[in-house]
Amino acid sequence: MYKDIKKFKLESFIAQEIGNLIVTRGIKDPRIHSFLTVVKVEFSKDLINAKVFIGSIKEGASLDNAVKALNNAKGFIQSQIIKRIKVRNTPKLLFVKDDSLSKSFYVNKMIEGLNTTREN
């Protein structure tokens, strides 16, 4: 149980720190825009590897390019995280595209369209 709590805290902290780097433009790559968000972070059982799921409210190929840019900058991101966290090993990050955010916006638009046609 203690390990689960530690894992949850680490996942939350890493998601917050990466989100802060994105919002404050700490990563100087133009492909990384402020419409990105960290959807979730999943650690492996041994806490050595972490998948970071990245979503965007912007549609199109910009999410693919942003994920590539984040994977290119993962060494820098890990170095920034290590400055703020006191753990024996910093997890190796892997950034993964997550379409759930854009899909949910699409579904909301469809529902709004149904509601407006029903009212007319």
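The values are calculated or read from the model by the stated rules, or taken from the named source; none is laboratory data. Predicted, not measured: the structure shown is a model, and the values here were computed from it. Positions of Cβ are generated from backbone atoms using ideal geometry, with glycine treated the same way; all protein chains shown enter the neighbour counts.
Give me the residue from region 2-16 that is at pLDDT 85 or above and under 13 Å from Lys86 (Cβ atoms) and, out of that set, nearest to the chain's Cα centre (by Cα). It comes out as Phe13. Checking each residue in region 58-101 for being within 13 Å of the chain's Cα centre (by Cα), modelled with pLDDT under 80 and of a type in the set (S, T, N, Q) picks out only Ser100.
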